[in-house]
1. Can you pull the accessible area of LYS271 for me, 1.4 Å probe, Å² to the nearest 10?
2. Taking H placed 1.01 Å from N in the peptide plane, check which residues at least 5 places from VAL291 or on another chain put their amide H under 5 Å from its amide H.
3. Given a cut-off of 31 Å, name the pairs among LYS179/LYS271; LYS90/LYS166; LYS91/LYS271 whose C-alpha atoms lie farther apart than that in the structure shown.
4. Step through the residues of the range 80-95 one at a time and calculate ³J(HN,Hα) from phi using the Karplus curve (6.51 cos²θ - 1.76 cosθ + 1.60, θ = phi - 60°), rounding each to whole Hz and writing x for Gly and Pro.
5. Under 5 Å between amide H atoms, partner at least 5 residues away or on a different chain: which partners does CYS165 have, H built in plane at 1.01 Å?
6. Shape of the range 82-136 from its Cα gyration tensor (a ≥ b ≥ c, root eigenvalues): rounded if a/c is under 1.5, otherwise prolate when a/b > b/c, or oblate?
7. Run down the lysines and flag those whose C-alpha is under 16 Å from the C-alpha of LYS88, throwing out any fewer than 8 positions away in its chain.
8. GLN132's amide H: which non-local residues (gap 5+, or another chain) put their own amide H closer than 5 Å, with H modeled 1.01 Å from N in plane and none for Pro or chain starts?
Amino acid sequence: QDGGGAMNTSTGPGSFPSIPEEDDIPPPVTTTTQDQLIMRPDQHRHHAPQAPEPPRALFDGSALAALFRPPDYCFHGTFDQAKTFAAKEKKWLLVNILGIDCFPSNQLNRDTWAHDTVQSTVVTYFTFWQQQSGTPHGDQYSALYRVSEFPHCAIIDPRTGEALCKWSGFLNPDQMHDKLTHFLDRDMTMDEDEIPQESRLPSGGPGSGAAPMATDEDAALQEALMASAKEASAAGSEEDEIAAAIAASLQESGSSAAAPAAPPAPAVEFKPSVDLTAVFSDEAFEGSARVMLQLADSTSHRKHAKLSASTEALYDFAKVA
């Protein structure tokens, strides 16, 4: 330091840093300044960075709706309209009833019906009709076919309304494809020349009766047997007499429907007059035709019979069934 009191601020080798004078020392931090710098956690929260909001589609259900939406090949209409359309197209009617709040039902839409192989099979051989339980169409079908487990699937003959095959629960694409192809491999093809425009299953609701198919099915069977008996009566053969007896019995049962029921006759063991195994078979063979017998309790029996089968053989088949 020189005589004038000025501080020597120069530094050189071996020298120490200079010490500032009082005028160069900054003033202490005031209380007001400390209050501004030290903030409580609840102060100035509006300055905190906000996380970006995720896409609204994840919350409003549109993404899930697209993921579990019904397949594009669904038939839109009533059950009767679906049967009529399937009959015109000569395709089987594939029905799927989904359950409310049933995840396996949603899995069918997401995994199975959307699969390329399953979709190709369904579009080629079936008319697909899907409904939700709890809706008028879904509840009407469930009442008619006594559906209690969901998801429910069934293959319906659109000409008669009969459920040829039905199952419940989730099937993955491979299982569903095997199920459908197994049905198609059973020689069940709609190759008849005449297909009715409307099936014989009534379109009424749950109060339409315990056996909705029985009345119309029985009437059609009676009409066919009576027509066969009338055609055969002109020949005068033994087979014709049997057919005429069948027609007369059907007419008597129809005219006495309102009369009190007679006491049941004692059971007599029936013995076929012909060898049914030589006429009927479970598998199709050359020169055969498929014969289906629909009973009053909605059960059915199917066989493949020779085209040359006699009326007596058909009568014996109906008796043993």
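The values are calculated or read from the model by the stated rules, or taken from the named source; none is laboratory data. Please read all numbers here as calculations on a predicted model, not as lab measurements. Note: areas computed on protein heavy atoms with side chains; ligands, DNA, RNA excluded. Shrake-Rupley method; radii C 1.70, N 1.55, O 1.52, S 1.80 Å.
1. Around 150 Å² of this residue is reachable by solvent.
2. Those qualifying (amide H under 5 Å, at least 5 residues apart or on another chain) are LYS303, HIS304, ALA305.
3. Numbers: LYS179/LYS271 38 Å; LYS90/LYS166 20 Å; LYS91/LYS271 39 Å.
Over 31 Å Cα-Cα: LYS179/LYS271; LYS91/LYS271.
4. Karplus values, whole Hz, x for Gly and Pro: 5, 5, 5, 5, 4, 5, 5, 5, 5, 7, 6, 10, 6, 9, 9, 10.
5. ILE155
6. Values: a/c = 4.47, a/b = 1.33, b/c = 3.37.
Since a/c reaches 1.5 but b/c is at least a/b, the shape of the range 82-136 is classed as oblate.
7. none
8. HN-HN under 5 Å from GLN132: LEU98, GLY138.
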